[in-house]
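Only one structure is covered here, and it is reproduced in the block below.
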Amino acid sequence: MHIVQPGMEIDVLKENNRIANENYRLMKSHGIRSVDFMGSIGAGKTALIIKLAEKLRAKGVRVCAIAGDVTGADDYGRFEKSGLEAVNCNTGHECHLDANLVRKSLSKIDLDRYDVVFIENVGNLVCPADFPLGTDYRVVVISTTEGDDMVRKHHDIFLHSDIAILNKMDIADAVGVDPEVIAEDYRKLTGGLKSIYRCSARKDEGIDEILVALGM
């Protein structure tokens, strides 16, 4: 049985936040804008990052990605195949990236060569919420294929995110999901202060609006 000593969890989170602040200052010292993309497996994070990067690179913006996964290099391979330079980051057993893993990944990147760093977190809607990485924005990506109750089930990750994205809008009707239900849940959770961005990474729809929201 795994036992967590009293105060251990608080210490871990405190240390993570300290390193996250260091990551933020490091990237800012190189003039880098950064985004942490969180979301469950299959939400379309990889495809979305590729589309965003393609549009930025077409404008002369230099983009790099960190591909976070428990094991393997599949998403890293997809980034590289699309022409997006990337670093692979495996957590081993952890269900989320943490600031220290990102710090190690940043040490492998020549930060002077890039303007933007996209970080794809491990596919999970629970664990990543408590571990900021030191980015300018935290984004949560969900898809219509996950049902219309995602906001109601996962308050924390939406409250810990700056921007929420509903992907795979092109198949909402096919999977029987009403995006308005999700949008209304999000409005209620955020007190009407935020709206969820809708897109289809596959159809290249809504991508420009997301870039505007990210200040890019």
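Against the conditions (1) among the polar types (S, T, N, Q); (2) touching a helix residue (DSSP H, G or I) at 6+ places or on another chain (Cβ under 8 Å); (3) at pLDDT 95 or above, Thr91 satisfies every one except (3). Among residues of segment 179-191 that are within 15 Å of Asp162 (Cα to Cα), those with a Cβ under 7 angstrom from a residue that is small (Gly, Ala, Ser) and surrounded by 15 or more Cβ atoms within 10 Å (Cβ to Cβ), sequence gap 6+ or separate chain, pair up as Tyr186/Ala164. Does any residue of segment 34-47 turn out to be closer than 25 Å to His155 by Cβ, open to solvent by less than 20 Å² (accessible area, probe 1.4 Å), touching a Pro at 6+ places or on another chain (Cβ under 8 Å) and touching a residue at least 60 places away in the same chain (Cβ under 8 Å)? Yes, segment 34-47 contains at least one residue that is closer than 25 Å to His155 by Cβ, open to solvent by less than 20 Å² (accessible area, probe 1.4 Å), touching a Pro at 6+ places or on another chain (Cβ under 8 Å) and touching a residue at least 60 places away in the same chain (Cβ under 8 Å). Scoring Met27 on the criteria (1) open to solvent by less than 10 Å² (accessible area, probe 1.4 Å); (2) under 16 Å from the mean Cα position of the chain (by Cα); (3) farther than 25 Å from Glu205 by Cβ leaves a single failure, condition (2). Annotation: Phe118 fulfils all but one of (1) under 12 Å from Thr46 (Cα atoms); (2) touching a residue at least 12 places away in the same chain (Cβ under 8 Å); (3) out of contact with any Leu (no Cβ under 9 Å at 6 or more places or on another chain); (4) of a type outside the set (Asp, Glu); the unmet one is (3). Evaluated against (1) farther than 16 Å from Leu214 by Cβ; (2) buried (at least 21 other Cβ atoms within 10 Å of the Cβ); (3) over 14 Å from the mean Cα position of the chain (by Cα); (4) of a type in the set (Val, Ile, Thr), Val63 falls short on exactly one condition, (1). Residues in segment 165-201 that are open to solvent by 70 Å² or more (accessible area, probe 1.4 Å), at pLDDT 95 or above and in a loop (DSSP other than H, G, I, E, B): Asp173, Ala174, Asp178.
Selection of first residues in segment 97-108 that are under 17 Å from Glu85 (Cα atoms) and of second residues that are open to solvent by 50 Å² or more (accessible area, probe 1.4 Å), restricted to Cβ pairs under 9 Å at least 6 apart or on distinct chains, gives the following pairs, ordered by first then second residue: Leu106/Leu26. Within segment 27-71, restricting attention to residues that are small (Gly, Ala, Ser) and at pLDDT below 95, the residue that is nearest to Tyr137 (Cα to Cα) is Ser40.
Of the strands (runs of 3 or more DSSP E) that lie entirely inside segment 81-159, those containing 3 or more residues that are closer than 27 Å to Leu56 by Cα and open to solvent by 20 Å² or more (accessible area, probe 1.4 Å) span 85-90.
The values are calculated or read from the model by the stated rules, or taken from the named source; none is laboratory data. A quick note: this is a predicted structure, and the numbers were derived from the prediction, not measured. Every residue, glycine among them, receives a Cβ derived from its backbone with ideal geometry; neighbour counts consider all protein chains shown. The protein model used for the area step is the full one, side chains on, heavy atoms only, and it has no ligands, DNA or RNA in it. Shrake-Rupley method; radii C 1.70, N 1.55, O 1.52, S 1.80 Å.
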